[in-house]
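Nothing in this text is a laboratory measurement; each read-out follows from the coordinates by a stated rule. These numbers were taken from a predicted model, which means no experiment stands behind them. Positions of Cβ are generated from backbone atoms using ideal geometry, with glycine treated the same way; all protein chains shown enter the neighbour counts.
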Amino acid sequence: MSQNDYRAKMRTRFATFDIDGDGEVTAADFEAMARRVIEEFEVREGSPEASAILEGAHRFFVGLAEATDTDGSGSISEREFLEGAEQRLLDNPEGFDAIARPWVQSVIAIADVDRDGHVSVEEWARALQAMGPNERVAEKDLQSVDRDRDGRVTLEEATAAVAEYYTSARSLDLFANA
């Protein structure tokens, strides 16, 4: 995948994060994304799970803003997002892991509807679909997140897949609209 392809991938990602479509990604967009997951899984407002995902979304936004909001406005323009992704996220999986892990962990906690300590591939797909307005999740892509092929998505597998999407030029259609 070329640098132009990486930019196109990140442009699609920006559009998904910009929930209200105003051309800026803000903390409110991330809160809206978290609330979609809360609603999808019928989690009670004010519950520990709801609080955790809202906090995870906030931390994810703050981490992205620190990496990309070059003018310090508190919102991320598409230009800032694309340039920041190329300069600070591409080829930096460890740095991105620190930004994304609380979010991924909170999504997994909510998606584990049967509370068996594991998230099935189907539960993970439901969570992804809740996050993005145009989600098209392909079964083969979901299976690629389940790296050990046990039918479950662990925190490590999910975090690795998310980090790979943001920090490599490799295409992972799974997260294109999530």
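Annotations for the structure displayed:
- Since only Gly151, Gly95, Gln3 are under comparison, the one whose Cα sits farthest along the positive direction of the charge dipole of the chain, derived from C-beta charges on Lys, Arg, Asp and Glu, is Gln3.
- Net lengthening on full extension, Ala98/Arg7 (0.36 nm per residue, minus Cα-Cα): 30.6 nm
- When the chain is treated as a Gaussian network with alpha carbon springs shorter than 10 Å, the biggest mean-square fluctuation among Gly117, Gly23, Gly95 belongs to Gly117.
- Our coupling estimate for the range 67-81, obtained by passing each phi through the Karplus curve with A = 6.51, B = -1.76, C = 1.60 and θ = phi - 60°, is 7, 10, 7, 6, 8, x, 7, x, 9, 10, 7, 4, 4, 4, 4 Hz, Gly and Pro reported as x.
- The chain shape via C-alpha gyration tensor axes, a/c threshold 1.5: oblate
- In sequence order, the range 46-54 has phi-based couplings of x, 6, x, 5, 5, 4, 5, 6, 5 Hz under the Karplus curve 6.51 cos²θ - 1.76 cosθ + 1.60, θ = phi - 60°, and Gly or Pro positions carry x.
- For Val119, nonlocal amide neighbours, meaning residues 5 or more places apart or on other chains whose placed amide H falls under 5 Å from its own, are Val153.
- Only the Cβ atoms of Lys and Arg (+1) and of Asp and Glu (-1) were treated as charged; on that basis the dipole of the chain about its Cα centre amounts to roughly 280 debye.
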